[in-house]
Every structure is written in C-alpha cells, then in structure tokens.
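As structure tokens, the structure follows; a few thoughts come after it.
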Amino acid sequence: MFDSLQTSLRSAFKTLTGKGRLTESNMRDGLKLVEKSLLEADVSISVIRDFMDSVTTKALGEKVLLSLKPHEQLVSIVHQELINLLGPVDNSIKLREGATTVIMMCGLQGSGKTTTCGKLAKLLLHEKVRPMLVAADLQRPAAIQQLRVLGDSLGVPVYWEEGQQDPVKVCRDAVAKATAEGYKIVILDTAGRLAIDQELMQQLRDIDKQVQPHHVFLVVDGMTGQDAVNSAAAFHEALELDGVILTKLDGDARGGALLSVKHVTGVPIKFIGTGENMDALEPFNPDGMAGRILGLGDIVGLAREAQMLMDQEEQEKLRRQMEKGQMTLEDFRNHIQKIAKPGLLQKMVMMLPGIPAEARDALKQITGSAEGAKAIKRQVGMIDSMTPEERRNPKVIDSTRRQRIARGSGAGTNEVSELIKQFDSMKGMMQMMAGGDITDRQAAMQKMQEQMLNPNAQMPKNKGTTGKRLTPKEREKLRKDRERKLKQKRKEG
Ligand SMILES: Nc1nc2c(ncn2[C@@H]2O[C@H](COP(=O)(O)OP(=O)(O)OP(=O)(O)O)[C@@H](O)[C@H]2O)c(=O)[nH]1
Ligand SMILES: [Mg+2]
C-alpha cells in the first residue's frame, strides 16, 4: 500500500538524520522533499498547500529545532497532520431502531460498487445483522447476475426483477419487501458510468428522491488519483454523500485519492477496500492509515484483523491464555491454520510498524507465496504428530521423541526443534502483547519483526508478566536525563 509514497517520505526524513544541529535551512530542505513526495503521489495541489503550511509552521518552531532528534520530531508532526487531514471519521453505520436502514452505493463504472456491496454484507453478517442486497444496476446485462452470485456465496438474499427497465421501481419494491420482512439493512447496488453524465446523475437523484436512502456512499477507485476526487465532488453536489469508500488500495495506488478526498469534498472516508475477496474491507481509521503511510504500523488495524478470525468466546479464551503464558502447541496450530488464509498474513505484515521497504518486499513475497502456505502446512503436520502431552508441554520432547515426530510428519528433526523454539518465543511475545499497555505491545511487535527478519536470533525469554518493561522509577530517571540534556543543548545554542 502506497509503497512509493512511503519510500519517498522516508528518504525525506532521512535527510535530517545525523545532522549535527538543525537549522531552519536544513529543515526547509527536508520539508521540500516531503512536499515533493506528496506531489508525486498525485495529491491535490490545494491539499498539499494547506498541509505544508501547517507542517512548516510546526516544524520550524523552536521546540523542534532545539530537540535532540529533529528527524523524529518531523515524523511525528507529519504523522499528526496526516491524521488531521484524513479524519476524524466515524465508521459506524447508524441502524434505525426497529426500522429498515437503506444504504445506496454509487460511483463510476468499475469503481468496485458491486464488490463492495458484497463486502459490506459480509461485514454486517459478522456483526450479526442480515442485510438484503438489491440489483438496481439495469445498465449492464450481467450486473444482476454478478450480484446474485455474490449473494449466493455469502448466503445473503438478493432482490431483483426480471426484465425490469426502471431502477427506481426496483429500489422502491425492494425496500417495501425488506421492510415487510423485517430486514435491518438494505443495500442498493446502482449502475455506474464511464464518466459523470446527466442521465446517470438524474437516475441517482430519482432513486434518492423516491426511496430516500438513509446513507449514500460513494465508491471511488483509489488507483485513479485526482480524477477520482473531481468526480467525488460532482457526486457530492448531486446527492449529498455521507461517506466515501475507497477501493483497490491493495494495488499500487499512489495515495493521491486517499489524501485528497476528505479535504476537497469534506466527505469522510468510511471504509477502504484492500483486495478482491469478500474479507477485504476495513473500517477506515485515520491514525492507523497515517501510521501505515509513514511505516509506523497500524496496531489497531492489526488487532482488528486478528479479531475478525475468531468469535468473542475464542478471543476471550486466547486473551486469558496469552496473559498467563498458557498457550499450548494445540492452540498455536489452530491459530496458524487460521492465519494461513490466502492473502491475510500478507495484509497483516503490511500493517507491522517500522519494517524497512526492502524487508517489507521480502516478507510480502514469503507471506503471499505458496511456499509460505506450505511451511505452515508442515508445521501443522509436525504438531499433529505429537502426543497430547507433548503439545501441552513441549519440554518433554527429547531427541527420541523428536525423531518420532519428524518421521511421522516427514519433516527433519531440526525442523521440529525450530518449531518448538519459534513457539516458545511467540508465547513470550504474546504474553507481552496481552498483558501490557501500548508501549509493551509496541515492544512486542518490534521483537516479532526482528524474529521474522532473522529467524535464528535468540528471543529474550519473557519473565513474569511484564517482560522487559522499565519500572516507573527507571522511566522517570530516563525522562529527567532527557530533559537535562535538552536544557544543556538550549544553553549551548
Ligand atoms: N484489487 C482490488 N480489486 C477490487 C477491489 N474492489 C473491487 N475490485 C475489482 O474491481 C473490478 C470491478 O469491480 P465491480 O464491483 O464490478 O465494480 P462496479 O463499480 O460494480 O462496476 P460497474 O457495475 O460496471 O459500474 C472487479 O474485478 C473487482 O474484483 C479492491 O479493493 N481491490
Ligand atoms: Mg456493479
């Protein structure tokens, strides 16, 4: 996601690292590079101008110039401004109490409306809300069929009318039926056009007027940059949108549409589409997205992806096990099997903080490849060859047992040792993730990355519940040291 923007921003910040003392002039050089990165990402000029104004004012402030790590300060200023630019967002869908909520999807041809209807339906199912989909695209002969196939695969009913020419009537009838049958949500899949034309807008306005949807979401192809933003403005004028859904951010989208659309139209981004399959819709979260753009990671997004894999009960069980460091190889097997879903591991890797671009590419390859899936299968095979006792307590696995497990699963004995080692360090990290506050979790993340990048590295064993966390006293001392140095620096400067 936004690989080129990430790389160019990173090199902008890099110009400031290692500078002995920061002056207004070298900060301005760094800022120019930030501006260039945004231009290259096809962000709208007016957005860049406003964005750079506020970043510059803050970055040239005395506090930054005097700080010990100006480059980190600039990252943090840009981070905060990105969040301001993208947010705030409320990505809940307000359901009407005891009545049917109607959502209308609209957008240009091929932007991803139909696919997104399916993804949204899946998300709602996960929330235990059963929606009805409505085939209101009568423009393209195959459109109804496309939605019906999607609905079938999700187990969601699709409303359609054979031979009907009038999309307004289809929507009206569908909403009447859904209301009568007590559906909580109806999603209207409307037709797209190659470009905005009067006929399309009139059709959408007619649906809007006669059906009065409670939400109108515009689906925008995130790969299209500035054009997308211009069309969004036109849709907003005609329909008064309440949210944008940006799709195809998994590809080589440059980021222009994402960074411009809220600022230019004033309409918030509600969801983002990150793939072709039905799971690939995420509630939009400005903090997480700003973090991902800067390579700082998206902890919230990561946690959410993990949560989507399990139901509440499983989650609670896992949390308790993690907290107590009681996870067994059996649990480990169940979890890696779930993570082995195509594309999921890859997506999660992309949300991890602080991975350098080259390493990210390598990880993307591994996690997206058939090899990655095969490796997981082998691990599952080894665990399957263990006795219940061995799964509960891998410490009992001596060399005889190791040989038996290896024979049973067709793996090498060294692979069995490797698996146990990996499980041990993971258990420690999980314990940190479950028990600690945000700093602990970030530290655990960092460990996990090191482990991924260098699987042979020895992981620190986790002791007690807090891992290697500093005591409040130690932290206080560090803080005082920092302040003293800063004061000293000010005096010298
Ligand atoms: N990679 C990727 N592909 C997507 C995403 N969303 C949609 N697509 C693909 O984009 C293509 C068009 O999607 P549709 O959902 O048919 O688009 P539409 O807006 O309904 O198109 P029309 O009905 O013709 O106007 C399909 O091949 C989808 O699989 C996404 O988030 N990522
Ligand atoms: Mg469609």
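A single member of Ser111, Ser76, Ser92 is hydroxyl-bearing (Ser, Thr, Tyr), modelled with pLDDT under 95 and surrounded by 20 or more Cβ atoms within 10 Å (Cβ to Cβ), and it is Ser111.
Any residue in the range 98-105 that is within 16 Å of ligand 1 (Cβ to nearest atom), over 26 Å from Val267 (Cβ atoms) and either modelled with pLDDT of 95 or more or more than 23 Å from the chain's Cα centre (by Cα) (or both)?
Narrowing the range 98-105 to residues within 16 Å of ligand 1 (Cβ to nearest atom): 103-105.
Checking the rest, the ones that are also over 26 Å from Val267 (Cβ atoms) come to none.
Scanning the range 98-105 turns up no residue that is within 16 Å of ligand 1 (Cβ to nearest atom), over 26 Å from Val267 (Cβ atoms) and either modelled with pLDDT of 95 or more or more than 23 Å from the chain's Cα centre (by Cα) (or both).
Whenever a residue of the range 187-200 is in contact (Cβ under 8 Å) with a residue 24 or more places away in the chain, its partners that are assigned to a loop (DSSP other than H, G, I, E, B) and more than 12 Å from ligand 1 (Cβ to nearest atom), lying with C-beta atoms within less than 8 angstrom and at least six residues away or across chains, give the pairs Leu188/Pro213.
To keep it simple, each residue is scored yes or no on (1) within 13 Å of ligand 1 (Cβ to nearest atom); (2) assigned to a strand (DSSP E or B); (3) surrounded by 21 or more Cβ atoms within 10 Å (Cβ to Cβ).
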{"residue": "Met201", "(1), (2), (3)": "no, no, no"}
{"residue": "Leu249", "(1), (2), (3)": "yes, no, yes"}
{"residue": "His263", "(1), (2), (3)": "no, no, no"}
{"residue": "Asp279", "(1), (2), (3)": "yes, no, no"}
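Select, from Leu218, Leu204, Leu246, Leu281, the only residue that is within 16 Å of ligand 2 (Cβ to nearest atom), closer than 27 Å to Ser37 by Cβ, at pLDDT 90 or above and not aromatic (Phe, Trp, Tyr).
Details: Leu204 fails: closer than 27 Å to Ser37 by Cβ; Leu246 fails: within 16 Å of ligand 2 (Cβ to nearest atom); Leu281 fails: closer than 27 Å to Ser37 by Cβ.
Within the list Leu218, Leu204, Leu246, Leu281, the selection yields Leu218.
Of all residue pairs spaced 6 or more apart or on separate chains, none has beta-carbon atoms under 9 Å together with a first member in the range 98-111 that is within 15 Å of Gln210 (Cα to Cα) and acidic (Asp, Glu) and a second member that is more than 9 Å from ligand 2 (Cβ to nearest atom) and part of a strand (DSSP E or B). Pick from the range 136-149 the residues that are within 29 Å of the chain's Cα centre (by Cα) and more than 9 Å from ligand 1 (Cβ to nearest atom): which of them is farthest from Ala99 (Cα to Cα)? Result: Val149. Of the residues making up the range 132-191, those that are more than 11 Å from ligand 2 (Cβ to nearest atom), assigned to a helix (DSSP H, G or I), of a type in the set (A, V, I, L, M, F, W, C) and surrounded by 15 or more Cβ atoms within 10 Å (Cβ to Cβ) are Leu154, Val168, Val170, Cys171, Ala174, Val175, Ala178. For Thr116, the conditions (1) of a type in the set (S, T, N, Q); (2) more than 16 Å from ligand 2 (Cβ to nearest atom); (3) modelled with pLDDT of 85 or more are fulfilled apart from (2). All conditions but one from (1) crowded, with 19+ Cβ neighbours inside 10 Å; (2) of a type outside the set (Ser, Thr, Tyr); (3) not in a helix (DSSP H, G or I) apply to Arg292; the one that does not is (3).
The values are calculated or read from the model by the stated rules, or taken from the named source; none is laboratory data. Predicted, not measured: the structure shown is a model, and the values here were computed from it. Cβ atoms come from the backbone with ideal geometry, glycine included; neighbour counts cover every protein chain shown.
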